1. Residues of the range 23-33 being surrounded by fewer than 17 Cβ atoms within 10 Å (Cβ to Cβ) and closer than 18 Å to HIS11 by Cβ, which ones?
2. Within the range 11-22, which residues are of a type in the set (Phe, Trp, Tyr) and open to solvent by 70 Å² or more (accessible area, probe 1.4 Å)?
3. Could you please find all residues in the range 41-52 being open to solvent by 70 Å² or more (accessible area, probe 1.4 Å) and free of Cβ contacts under 8 Å to residues at least 12 places away in the same chain?
4. What pairs can you find where one residue is in the range 24-38 and on the phi > 0 side of the Ramachandran plot, the other is open to solvent by 60 Å² or more (accessible area, probe 1.4 Å), and their Cβ atoms are less than 8 Å apart, with a gap of 6+ or different chains?
5. Can you tell me which residue is nearest to THR14 (Cα to Cα) among those in the range 35-74 that are among the basic types (Lys, Arg) and at pLDDT below 80?
6. Name every residue in the range 11-23 that is closer than 22 Å to LEU63 by Cα, part of a helix (DSSP H, G or I) and in contact (Cβ under 8 Å) with a residue 24 or more places away in the chain, in order of residue number.
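The values are calculated or read from the model by the stated rules, or taken from the named source; none is laboratory data. A quick note: this is a predicted structure, and the numbers were derived from the prediction, not measured. Cβ atoms come from the backbone with ideal geometry, glycine included; neighbour counts cover every protein chain shown. The accessibility values were calculated without ligands, DNA or RNA, using every heavy atom of the protein model including side chains. Shrake-Rupley method; radii C 1.70, N 1.55, O 1.52, S 1.80 Å.
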Amino acid sequence: MNNLKKLREKHGYTQKKVANAFCMTATQYGRRERCEVPLTEEEVKRTAKFYNCDIGKILGDWLRNIIRCRENSKSDSVKWRMKKRNKEKGTFV
């Protein structure tokens with residue numbers, strides 16, 4: 001479970017309530033909470049202010065998500081190159 005969800009549940013808020021506070025849909029907020037979409041710098045600051053907590057609590061997830069996104073994009077790129085190379089060689093994996 002990530003920090004955003006922990007903070008939200010600790011305060012007894014629903015995703016919809018938090019999303020409304022940040023002028024976004026519950027779906028948009030849920031994606032940020034699940035780290036599918038990284039928070040912007042402004043969203044990190046607003047979230048810390050909203051929950052009255054240190055930015056470090058929010059940044060932990062934010063930084064992990066950035067690293068994960070970069071790793072995923074690298075691995076996707078490697079997979080694509082492997083498929084292309086195998087196709088050129090006539091082998092299938």
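1. Of the range 23-33, the ones surrounded by fewer than 17 Cβ atoms within 10 Å (Cβ to Cβ) are 23-28, 31.
Within the range 23-33, MET24, ALA26 qualify.
2. Scanning the range 11-22 gives no hits.
3. Within the range 41-52, GLU41, GLU42, LYS45, LYS49, ASN52 qualify.
4. Cβ pairs passing all conditions: CYS35/ARG64; CYS35/ARG68.
5. Checking each candidate, the answer is LYS57.
6. Within the range 11-23, VAL18 is the sole residue that qualifies.
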